Amino acid sequence: MVRRNQCSAVQAYDEMFGNGAVYPGDALPPGSSPPYARVREWIEAAPPGLMKTRREQAELFFRRIGITFAVYGDPDATERLIPFDIVPRIIAANEWAALEAGLTQRVNALNMFLSDIYGSQECLRAGIVPEELIARNTQFSLPMVGRRPPGDIWVHIAGIDLVRTGPDQFYVLEDNARTPSGVSYMLENREVMMRLMPELLLHGQGGGIAPVETYPDMLLSTLQSVAPASTRGEPCLALLTPGVHNSAYYEHSFLADKLGVELVEGSDLFVTNDILFMRTTDGPKRVDVLYRRVDDDFLDPLVFRPDSMLGVPGIVNAYHAGNLTLANAIGTGIADDKAIYSYMPDIVRFFTGAEPLLPNVPTWRCREPDALGHVLERLPELVVKEVDGSGGYGMLVGPHATRAELDAYAARLRADPAKFIAQPTLALSTCPTLTDAGIAPRHVDLRPFVLSGAHGVRIVPGGLTRVALKPGSLVVNSSQGGGTKDTWVLTGDLPAVGAALNGELSS
């Protein structure tokens, strides 16, 4: 049932068993971290074949309700299921408390940074961030210069990608401040666990698992709290989607349903007298807050791309007139830039006056000649990313690249070094994962979802754990073959599974 660790030549920290753990033979290694004690007991008590059956049932559930994503550029598989692993990832209560504090600090700093670069630009004059990195950035939105969104909140929904390398070592891998996705999988993963593995989710007097199903209510109250001052009565919210061909369309429709708001496309909306309206069977209805899942360039053909059919002519005027809140605000994409990411420790210090609670992964900016030389010299050891890349596309993982791939990437680096950053190949932590050959360690990351509104920052406990299902892979993105896990944040010590577990699992 259990296989040897083939994840990496570098010994990764295993969240269940500790440093250098391997899963040899047909039994789990002796001992396990206290948060995973109950999961270990569950794995060992499972009758032969049951876990595989549960995995097949989970896939059937996802397929029945239509949880899919599109793969751009793949004509043979435009719609796929994201593989779901039934072995949960566990985060202890004290670990989550530290992460929550660090995430709150970082998102507050992101909001202050965006307010500053579109305002007085004090961080540029102080030399915290190079001016040309802002001025020449394609995500820097000139229509937002001198503007302030309602409440001066720019990033209402952030997805901050975290990786772990040791017992107390967490790093921020990426900031997603434009249109972060994946929260629907976080919610549906928990739903599947509750249906298929209720024996693991039983709460006891000694502790339990923090809920994630409160996220839609948290998101709704956050969006309502940032309605423009011109709103009359209860704010009217809508969710703007590019349409059914977008890779995240399932999530758009899922969230609109959970929030109890209309799912709209650009053709459903129009602007009159700098007020946004949506067409309804009862006539036009004013929209006060628009949760938009359309990128800036396609949002308003009068301001951005004139060929866009996805947005609404005049929506920027309604926004600037103070009659509409856009979540997230226009111009937040610059905070997704990986070159900007490399300055985040200094940005946090400058705007908060404190040391970052969550460190960055060490990063070389290839736009700097010394850094470029270092990266080219050590290319087989590094991970290199495009500064505006996402989804794992355009990335080089040096230790897994062929000589030809390394040579081709080196040529790209020399031709346009400002387009790239490089990082060491981290030994991402592993978690027990069900594979075709049994339980094996696989590398994981974590995307918590951070909400910022008029009442401060709120974070649902946990987030989306993504898992690299391919042996040896460090790339967790679904577009690159990754899967997902349910993420448990403990509120205390979980009660033991007990003698009834075998009966529960056999039923």
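The values are calculated or read from the model by the stated rules, or taken from the named source; none is laboratory data. Model, not experiment: these values are computed from the prediction. Please note: Cβ atoms are built from the backbone with ideal geometry, for glycine as well, and neighbour counts cover all protein chains shown. Just the protein is used for accessible areas: all its heavy atoms, side chains included, with ligands, DNA and RNA removed. Shrake-Rupley method; radii C 1.70, N 1.55, O 1.52, S 1.80 Å.
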Fill in the blank from the handout: Expressed as a percent, the accessible surface of the range 61-202 that is carbon or sulfur, using a 1.4 Å probe and the full set of protein chains, is 50
Handout entry: Mean Cβ neighbour count within 10 Å, used as a protection proxy, ranking 286-298, 313-325 highest first
Key = 286-298, 313-325
Practice task
Any lysines with Cα under 24 Å of the LYS285 Cα? List them, leaving off those in the same chain fewer than 8 positions away.
Solution key: LYS258
Completion exercise
Residues whose built amide H sits under 5 Å from the amide H of VAL383, excluding neighbours closer than 5 in sequence, are GLY398, GLN423, THR425
Practice task
For the range 90-160, report the convex hull volume of the alpha-carbon atoms normalised per residue, in Å³, without decimals.
Solution key: 122
Practice task
Considering the convex hull of the alpha carbon atoms of the chain, report its projected area averaged over all viewing directions, in nm², one decimal.
Solution key: 25.0
Exercise for the section: Would you mind telling me the antiparallel percentage of the DSSP bridges in the chain, rounded to 5? Expected result: 75
Practice task
Report, in order of residue number, the helices in the chain meeting two criteria: a C-alpha extent of 30 Å or more along the helix axis, and a mean Kyte-Doolittle hydropathy of at least -1.0; treat each whole DSSP H run as one helix.
Solution key: 93-117
Exercise for the section: Considering the options ILE439, THR222, THR402, tell which one lies farthest towards the positive end of the dipole of the chain, charges being +1 on Lys and Arg and -1 on Asp and Glu at the Cβ, about the Cα centre. Expected result: ILE439
Exercise for the section: Calculate what fraction, in whole %, of the accessible area of the range 269-413 sits on carbon and sulfur atoms when a 1.4 Å probe is rolled over the protein chains. Expected result: 53
Exercise for the section: Pick out, from GLY389, TYR13, ALA327, the residue whose Cα sits farthest towards the positive end of the charge dipole of the chain, with +1 on the Cβ of Lys and Arg and -1 on the Cβ of Asp and Glu. Expected result: TYR13
Problem - Positive-end residue, the chain charge dipole about Cα centroid, Cβ charges, pick of PRO29, SER429, ALA418 - result: PRO29
Problem - Full-extension gain in nm, LYS285 to ASP257, via 0.36 nm per residue minus C-alpha separation - result: 8.2 nm
Practice task
Using θ = phi - 60° and the Karplus relation 6.51 cos²θ - 1.76 cosθ + 1.60, list the HN-Hα couplings for the range 328-336 in order, rounded to whole Hz, with x at every Gly or Pro.
Solution key: 7, 5, 4, x, 6, x, 5, 6, 7
Handout entry: Surface per residue (accessible, 1.4 Å probe) for the range 380-430, Å²
Key = 44
Exercise for the section: Ratio to report: Rg/Rh of the range 218-366, with Cα atoms as the point set and Rh obtained by the Kirkwood method; give two decimals. Expected result: 1.04
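Would you mind calculating the relative contact order of the chain from Cα pairs under 8 angstrom and at least 6 residues apart, reporting the percent as a whole number? Could the numbers behind the result be given before it?
Numbers: 1024 pairs, mean separation 127.7, N = 507.
Dividing the mean separation by the residue count of the chain yields 25 percent.
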Practice task
Divide by every residue of the chain the summed helix terms, -39500 (n - 2.57) for each DSSP H run of at least 4, and state the resulting mean residue ellipticity at 222 nm, rounded to the nearest 500 deg cm²/dmol.
Solution key: -8500 deg cm²/dmol
Handout entry: Alpha carbon centroid spacing (whole Å) that separates the range 117-192 from the range 338-413
Key = 17
Practice task
For the range 157-287, report the accessible area per residue in Å² (1.4 Å probe, heavy atoms, rounded to an integer).
Solution key: 42
Practice task
Leaving out ligands and nucleic acids, note down the accessible area per residue over the range 304-366 with a 1.4 angstrom probe, in whole Å².
Solution key: 33
Problem - Restricting the range 116-167 to trypsin sites (Lys or Arg not before Pro) in coil, as DSSP defines it, with at most 12 other Cβ within 10 Å - result: ARG136
